[in-house]
Each structure stands twice: as C-alpha cells, then as structure tokens.
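Each value in this text was obtained by applying a stated rule to the coordinates, not by laboratory testing. Predicted, not measured: the structure shown is a model, and the values here were computed from it. Because the Cβ atoms are built from the backbone with ideal geometry, glycine has one as well, and the counts that use them run over all protein chains shown.
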Amino acid sequence: MANYVMVLDYKNCINCKACEIACKEENGVLLGADKHRIWVGSNNPKGEWPKLDIASAAFLPSQCQQCENAPCQDVCPTNATYYDKNGVVQVDSDKCILCSYCMVACPYDARYVDDRTTTVDKCTFCSDTRLARGEVTTACQNTCPTKVRTFGDIDDPDSEVSELLRTREHFSLKSNLGTKPKLFYLT
Amino acid sequence: MDVGISRRRFLKGSAALTVLGGGTIGLTPLLGNEEGDHEAAAVMTKTSTKEAKLVPTLCEMCVNKCAAIARVEDGVVVKLDPNPLFPKSKNMLCPRGNAGIQALYDPDRLKRPMIRTGEKGKGEFKEVSWEEAYDAILNGTDKFPGMAKILDEEEDNRSSFLFCAGEGMAEHTFKMFYEAFGSANWLNHASICLQTVASAYGVTMGAYPQADLENAEYVIMAGANRAEAIVTPDTMDIFKRTKGRGAKLICVDPRFTNTAAKADKWLGIKPGTDLAFVLALTYVTLDEELYNKEYVTNNFNDFDLYKEHILSSGYTPKWAAKITGLKESDIYEIAREFAAHAPRAIYYPGRRSTFSKNDFQLRRAMAIFQALSGGIDTKGGLVFGSKLPLGEHKGVVPMYYQARERAVNKNKQNDGYDHCVVVSGGGSWIAWRNRFLENVMPYKVRGAFIYKHNPMLNMPNTAKTAEMFKKMELVVAIDTMPSDTVMYADVVLPECTYLERTDPVFSFGGVEPAIAQRNKVIEPMYDTKPVNEILHGLTKKISKPLFEITKKHDMFLQDEITASESDLDENSTMTLAELSKQKEETMYADEFDLTKVFEHSQEEVNEHMVAEKHGEEAAKQIKEHGIFYPNMEKYYKQLGENKFQYYPENKKSYSVNGGVPKTPTKKIECNLANLASKGVDPMPTWRDEYNFKVPNGKFKLLTGRHAQFTQTGTSNNIALHDLIHTNYIWINEKVAKEQGIAFGDKVEVSSATGKTIIRAYPTEKIAPDTVFFVHGFGEESEKLTTAYKNGGCDNAVIEDNIEPVYGAAAMHETNVEIRKV
C-alpha cells in the first residue's frame, strides 16, 4: 500500500522525448502520435525575430494526473476504471467497452485507445511492469536525461517526493476542477 | 500559468513543430496507411514480470556511449534502461538510446554478405556466403576486379586502397586492419566533424578540454545546442541549473533552438560571425583589465603581443555589433559578467562540425578568451580531467617498401599542402575526394574499404561522392544498414548491431574517469558478425596471397628471405632452397601474418587489457557491471532518485595540472608564429571576407542536429520516426508569407551543388535571410523502407567549401534559393 505521486521539476525539460519512447517500450504502447501515455507540450516563442520571448517557449512534460477524484472514473459505466491499492487510476481491459466517456471526461486529455487491447488505456505509473517486478520507479522517471521527475509515496514522510513538496513551491494542473491531481509541478 | 496542454492541443502544437502525422497536413506517406501502422506495431516491445536476463552494455545510437542495461526476455531484447553506474551518463538514456531496440530488430538490416550483380550504385546484389564474399574481395568477379589484381598491377603500393571509418568503439579494430594492410590513406569523420575545434584547442592550450558544467556559474554556449545535440554529461549537468537555478546560460545562435528556450539570455547572431563576438569580448576583458593577471603572467606566451593586436585592431563591441548584429551593450555585459564569475565561467568549446572557413581562428580566440579568465583545469571551468590506463592490444604493422605515403600534394606557394595547411591523422575527406575526382593524386587509388560510415550523405556535395565511388574499382562496405553508401559497394559485409557484439573496452577520461565496456546482449542475428570476426575471416583469406604479391614486388623483402651460402652453417643439413623457405615462413609468421591481429575474441582482448592494469577482479567487474573504476564499490552511492555519487568531492579530477596548460611550452599560445609562413593568421584576426553576406533573393543555409536522430545512422529507426517523421526547412514567417509558402508545403532548395525537396516550417525562430534544416534525412537507398526519400538531404545542396587550415568541410558557407513546388 502506497500513495504514489510524481513531482516534476519541469523547467529541466529539454523536450528530447526520451520519456515518450521509454514509456512505449516498457508498456507496449503502439506507435503513433495519437497513442501515447506521456507527452511533452511545447509552445513556439512569442514575438518576432530577433525579439523572441524565451519565457513563452517552455516545455511542459505531462501524462495522466492520477487524480484522487478522477472524472474518468466517475463517468465509467462499467467500472472498468478504478483506483488500485496504491491510489493509481487503472483500467480493467475486460470491462472496458470503448464507450470513450472517459476520454471526454478527462480534463487532461490523458486517455487514448489502445488497439492491441481494445481498451481506453492510460498511464499506470508502470504498475504492471516495473512496479510489479519490485522496481521502485517508472520508466519515464528513470530514463530522463535532465531528471525532470521524482516518483514516490506521498504517505511516507521520509520519501523524496514528500520532502520536495515540503520544501519547494509547486502547483498542479487545473486544480480548480477539484480533481486533486497527483502530479505536482515545481516552480 | 498556462501549462495545461491537452492531447488535442498537443497534437496541434506538435504538428506545428514537428508534424506528428495526423492533423495539419494529413497523413504523410511515411505514416502511411493502417497497414503500415500495424507493421510498425509489430516491432514495439513490452516488458513483463517474467524472469529476465539483464546485460550491461553501452549505447551506440550516437557518439556518447552512455551506459545501458538491456532486459532480455525469452531471448528478445524488450527494454533498454540506463545503467546508473557510469559517471559519464549518470543514469540516463535519451530517446535514441531507448530506440536502440529498433536498430536491432529493423527488418531492413543487412542480413547476409552480398556481392554486386548490377550497375554500380543501383543496389543490385546477390546474397552469398562469407567465403564467397571474401573470395570476391580477393579475386573479383566479372563485375569488378579483386584486391590481388589491383595490388599486383600497382606493384604492391598498399596505398592504392583507401580506408575510411565513422566514429565508434570498433573503429579501432578496423584501423588495426588498415595498419596491417599498410595503406597510408586513412580518412575518418574528423574533417566532417570536430577537427578544427579539437585541433585549435589542442594547439592553444594543449588539449581539447571538457567543461565542468556541473559547477560553472556562467556559461556562454555559442554555436552549440546541448538541448538537442545531446552530449553526456554536459546536457544533464547544465539544464538542471539554468533559469536562475545556479548557472546563467547565454545562448548565442542564429536560430532559436531548444537550448535558447532553456537559456537565460539568447542572442541571434549572424551566421559565421562568432569570431567577431569573441574578439570583442576579449577586447573588453583586456581594455578594462578584467583578466586574471596572475594566471596570465604565469601561463601565457605572447600575451603582450596579443593584447596589442586586439586593442590596436579596434575589436570593440561597437565594431562587433555591426558585424554580428548583436547589441553593443550585450557584449559589454557578457564580458563583464563572465569575468565576475571567473574562474567558474565557461565559454563552451562545443563539439560540432566546422561551420565557417574561419572556424580554426574562432576556436583559438575562444580558447584564449577562456584562458584570460584563469578558468582552465579548475572546478567550474574548462577541465582536462584524468583518464584510467588500459593495457595494450598489439597489432601487426608490416613494412611494405612499395607503399607510398598519403595521397596529398605539397603546395608550391607555402609550406603546407594543396587544399589545407596541416594534414591530420584523419585527413581531409572532402579534399581527398576532390583530388581523386580531379585526377591529381600522386598515384592511383583504386579500392576502398568503408566501415560504419556513410560518405554519400555525410559530406558536402553528394553528387561528387557518388562519382568517386563509381570510379573506385573495388568498394567493400562493412555496415549494419543498407545505407546510400552501401548501395555503391561491390562487396557488402554485414556487421551485427551493437547489441549483438562486445566492442573494444574503452577508458573515458574526465572529472570522474571510468572504464566501460559494450557487452554482447544477444547472439548475432541472421548471418552477421562483429567487425573483428569479419576481419579475422577476411585476413585468413587474403593474408597469404597478399604476401605473395609483396614478395613479387618488394626487392628488400626478396633480399631478406633469400638465403645465401654464408647463411648455411657447417652442420646444416638444409639446402639453400630449404633455408630460404624457412626464412620466408618465419618472416611471414613474424611480420606479415595479418590474421594475428584478430585471432583473439574481443572478450579475451578486453579481459587482458583491463586485467593488465587493474587486475583480474576489475576485468570480472567490467563484464558483470559494464563499468569499472578504482574504489567504485566504496565510492559509488545512490543518494536519491536522481542523485548519484561516483567519486567523493575530494577525489574528483577538477584540477590535474595545477591550471597549467598542456602545450609543450606549458603556456597558452597566443601567437603561432610557425603558421604565418603557411599563410595562416598566427593570432585570431577578423578578415573582411568573413562578413555575413547573402545576395538578394537567397538564403544562408544552416544545418544541425536534434535530439531524436543521429545523422543518417538512425534514419530508418521506426520508433524515432514516431517522434519526428521528417525534417522541415525553417523559413522566416514573413518571408514565407511573401512567397506564399505555408506550413507543410513542399519547397525545392537549390545551390550551385544541387537541389533537394523538403517541407516548409515557417517560423520566427530564424532570421529572414537564413534557412535551416536538420541533417540526416533524404536517403536515396530504396532498401531503407522508412528513410527512403524521406525529407531533404542537406549535403545534396551544401557546397564543398574547404576550411583552409585542416581541410575540414565548412558546412555553413552555402547560399541557397528556395522555390515552392
């Protein structure tokens, strides 16, 4: 039993997309831009050459927010989407009927159709692969060249994520929606 | 703060950046139809909870050689993870490192030896056995002559064969073959890579240093793009600390790169004018006496001369502002801030191709500017680092009296050579090729061995390279992929990929030195072999017959192996003929047996090389863990999820020489007087011809890198294609609008050299008189399913301008026209 969260020092991100490939290889996510559990958002800098706005050109790594109050779970008519014992939002592919309510409900656009399992799939914090093998972190965290992510149990006060969140200012995405995301972005 | 990037917006945004299929311009042929997608899906892996074999190895998806651990389930490599033990790569694998699995399981791989059956360059081959391939190399076929015929006709001039290789751990193995063969014509990637930067730092401070970006407080990164052209550990060290988090990063680049996006300040300089920028920084440093006087007094040669030169030449920020397009005040500010942070301030040396003809002078000026701050061989500055020793792997280097020296011509006007002043070990590829085509070689070169190298696409003027290979009578290519260059081969020898072989063990110098080894993860697939086994087989075939040719043409050898009466002692029962035969056999075995170089497996050689210097335990450790350095088990600690200790702080090699330069004089060389007689400026000097000029209606073409591909080596990798499907030409938005060019439109890019077709990416990230696209696309080999005719080929357009000192290819000296098609 744990309460897994991810803390992102997102200013480290250089948009190299190592996390995207690591995730696909680890979890067998099919190729294709519309099939991904993890992504890096990017904006072109505002302004005109050569007066370009560096601050507007940030890279924004993201993935399923593993909401404590997940809208995708709320709307699922077959209870295919559920919370596991570690607080990770999971999908039971046997129950999923591809109704795609969850895709519409998710404010973070984190769900996608996996053609191999015919499931509306999502990031699982590598639960059935790495964590199931007893490893302590996710593929995206592990591979990242600039070490954007820290993964861990927020219920453990001695964990690195707990320490980071106690000491560094942070925010979460669309927190006004009351979804209580478990991805925290450090400022 | 707006950080909510939705999937839909992401797709739209990415399309604008990279076109991830879908959306904006519709599915490209590459992304293809559903069928194509399913094919792609078949090669994606997934890990499981099954028992797995974990093998420590080293990545070969680019030059960095980061440490990886391969996870093998049921004999299949399902995942590559970073190996945390390596201080150079500090527990990371970039996207290419992760995509290494697709290099292994690429269905287009070279699978069996092949010999040419059709017209040269058409890619018509038949698959043969290894023995048949070796025989074709020695004896030829009805399509091409063999090595024996060529060498006999050239009277055993071993230099009638060219040897060329790309960068890699086994380049060493191939080079041993070149040395044993006895040619003097060795060309490698240096002259299309970092020749001028490495050499200019070498002659100025005695070494091509590393940068301690982990501890620097102020970094000028000009013409280097570490967010996209990833170098370990530099990329990992710097971007965790920019944006007010410990290091101020100044990015100077004619493009707004990802490095610019992560910098604290970005200056969009005019291409090719960095030298003026550095000279002006130097001017301020000298004029305002911001330099480290003690360091300069102790460690400089000709400082006063250089100071006088810079000040009297009037290299003021005002002067430089006109040339570079930068603001005078920015130049002042950067010079002063740099000095204030010294010695924890770095003008980053970079690691890239030569862009401008003045690159040697630029690098010299950068090295001297850095040295003025005293930030040499010191924490937070440029560092020499230390390197762990390795035992030797001895080769065979026979004396061939008939072998001629390297095919270069002395220059009649000065002390240098035609095309360049200095001929380095790696030679000048582009000048060599042009001399070959112009028939001005001192002798005939008729054959070429190519290892892991793609000259067709890696050097300016593709058309000329094709002509060279067509003229070359016997071309042997050793590679893993059917590249454009392989299409011009007469004999193709398929190497296995890096995950199927153990490569020569390597010592990585630096602040935290270590020895690392690429261990074989799985047995070679198909009928492929590692290069040392390929060369073992080949030398078994050719060694004796080639010795016969030497014997025929080499009078000195004949003398040495012919017995005379005086050789016979009284009690000998041998005849003269028998004694001669014995002498010949001994001579062959001792000096001409080329097979000896490759008789031991790579594993055996590595074990010996490590054990000789560090003991048996070390050899065992490197096999088991991939990494070794003394006291590793005591020093190495994982301090947090993202934090590792490799060496305790007081054991790190920040300073190994007390700050003293490594030149023979132990001084920073400001003035290289010996170069003056060869027509090279002895001190960095700005010349009018360096000014940025583009005729109306044309654009300066820039090329470069990004994080998802490595040159042409990864062009067929399907997982990387999933990230970036093709390359795009950056055109300033306003210019594109004027010309009616929209995102995704096809444009033709042309120069005096040639043309290429590529899709457009209008952006404000580039100046109106400049265009850019990434290198490594536009392959013409039909055997590369994914890469074939995908995107634009820069070297089809880039003119073959030669940098005058080392003969490097100057990649950013071409003006192009663009036209919507």
Only helices counted: for chain B, with every DSSP H run of 4 or more residues adding -39500 (n - 2.57) and the sum spread over all residues, [θ] at 222 nm is -8500 deg cm²/dmol
What GluC sites (Glu not before Pro) in region B:541-574 are in a loop by DSSP, with at most 11 other Cβ atoms within 10 Å of the Cβ?
-> B:E570
Going by C-beta contacts inside 10 Å, put B:S566, B:S329 in order with the fewest on the left.
-> B:S566, B:S329
Have a look at B:P661, A:V75, B:T814 and report the one farthest towards the positive end of the charge dipole of the protein assembly as shown, computed about the Cα centre with Cβ charges (Lys/Arg +1, Asp/Glu -1).
-> A:V75
Output the relative contact order of region B:574-677, whole-number percent, from Cα pairs under 8 angstrom with separation of 6+ residues.
-> 9
What number, in percent, do you get for the relative contact order of chain B if the mean sequence gap of Cα pairs under 8 Å and at least 6 apart is divided by its residue count?
-> 19
Surrounding charge for B:E171, neighbours by C-beta under 14 angstrom, Lys/Arg +1, Asp/Glu -1, total -1
Would you mind giving the mean number of other chain beta-carbons within 10 Å of the Cβ of each residue in A:143-154, as a whole number?
-> 6
Can you check what the net charge comes to around B:R759, using other residues whose Cβ is under 15 Å from the Cβ of B:R759 (Lys, Arg +1; Asp, Glu -1)?
-> +2
If you rank B:K357, A:K85, B:K444 by fewest surrounding Cβ atoms within 10 Å, what's the result?
-> A:K85, B:K444, B:K357
How large is the dipole of region A:4-186 about the Cα centre if only Lys and Arg carry +1 and Asp and Glu carry -1, each at its Cβ, rounded to the nearest 20 debye?
-> 420
Can you list which of the trypsin sites (Lys or Arg not before Pro) found in region B:245-344 are DSSP loop residues with at most 15 other C-beta atoms within 10 Å?
-> B:R245, B:K327
Top positive-direction residue, dipole computed over chain B with Cβ charges, set B:T550, B:V423, B:A70 = B:A70
Any chance you could check the Cα centroid distance between region B:424-467 and region B:217-232 for me, in angstrom?
-> 31
Add +1 for every Lys or Arg and -1 for every Asp or Glu among the other residues with Cβ under 15 Å from the Cβ of B:N358, and state the total.
-> +1
Determine, for A:S100, B:S715, the number of other Cβ atoms within 10 Å of each Cβ, and report the residues in order from fewest to most.
-> A:S100, B:S715
Under the definition of partner shielding as Cβ atoms of other protein chains within 10 Å of a residue Cβ, what is the mean value for peptide B:238-245?
-> 4
Quickly estimate the mean residue ellipticity at 222 nm for chain A, helices only: each DSSP H run with n ≥ 4 gives -39500 (n - 2.57), and the total goes over all residues, rounded to 500.
-> -4500 deg cm²/dmol
If you place +1 on the Cβ of every Lys and Arg, -1 on the Cβ of every Asp and Glu, and leave all else neutral, what size is the dipole of the protein assembly as shown about its Cα centre, to the nearest 20 Debye?
-> 3240
Dipole size in debye (nearest 20) for chain B around its Cα centre, Lys and Arg Cβ +1, Asp and Glu Cβ -1?
-> 3220
Work out the mean other chain Cβ neighbour count within 10 Å for the residues of B:89-100 and drop it here as an integer.
-> 6
Farthest positive-ward along region A:4-186 dipole, Cα basis, beta-carbon charges - from A:A18, A:T167, A:T124 = A:A18
Set B:K248/B:K357; B:K90/B:K634; B:K693/B:K765; B:K541/B:K623, cut-off 28 Å on Cα-Cα distance; pairs above it are B:K248/B:K357; B:K541/B:K623
